[in-house]
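Input: a single structure, listed below in C-alpha cells.
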C-alpha cells in the first residue's frame, strides 16, 4: 500500500468516527427552558501516561465553559483517578476559573486505571440529580471489561450518554471504550495532538447542546464553523 493510499484510509476512518460521534451528539436529551443548568461530568485519566497532555486537557475544558457562558446554564464536575486507588470528584462548578484551578493543581501519578469508579460515580450522581452527559478522556484500560459494560448498561437505563475520547491507539482500550459508548447511547472518538482543535470544538458542541438545545448549537456552529457545522443538519428543530 502506498503512503498516499494509507493516509487516505486513515483520514476516512477518522471522518467515519467523527460522523458517528456527531450523530450521537444530535441524539442527546436537551435541557428545557426554565433556568435549569445542563450538568456535565468531565472525567479524566490522570495516571503517568497522560502527563504530557494534561495541560492541553486543561485548556479544552476552559473552552467548554467559554462557549456556554452566554447561555448561563452549564455545571461541570471534574473527576479523575491516579496513583494507588486515588479518585477525586470536585464539587459542581459553574465557572471555568474554579475548575481550571483544580485541574492545574493536579500532578499525574502512575497507577492502574479506575474507569469502573468513574462510571459508578456518574451513576450515583444521577440518582441524586439529573446528569446530562459524562465525558471521559483516557488512553488505556486495565480492568474487567464485563464489569465496566454492566455499569455502562445501568447508565444507559438512566439516560446518561458517555462520550469517550481516547488518546492514542491502544486496541484493548478502544474495544472497551466503544462498548461503553454504545451501551449508553453515547459516542467514541480517538484523538491525538493533530486533532486537538477538532476535539476542542466537539467538546464545546456537546456542552452547548446540553445547555441550550438546538438554537444555541446553531449559533455556536455558525460562529465556529468547521466540523461543528455538520451538527445543524442532524439535530431536529425544537
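Quick one: order 201, 124 by neighbouring beta-carbon count within 10 Å, fewest to most. Walk me through the numbers before you get to the answer.
Values: 201 20, 124 11.
Fewest-to-most Cβ neighbours within 10 Å comes out as 124, 201.
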Handout entry: Where Rh is the Kirkwood radius over Cα pairs, Rg/Rh for the range 110-173
Key = 0.97
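Every number here is computed from the coordinates shown, using simple stated rules; none is lab data. Treat the numbers as computed from the prediction; the structure is a model and nothing was measured. Cβ atoms come from the backbone with ideal geometry, glycine included; neighbour counts cover every protein chain shown.
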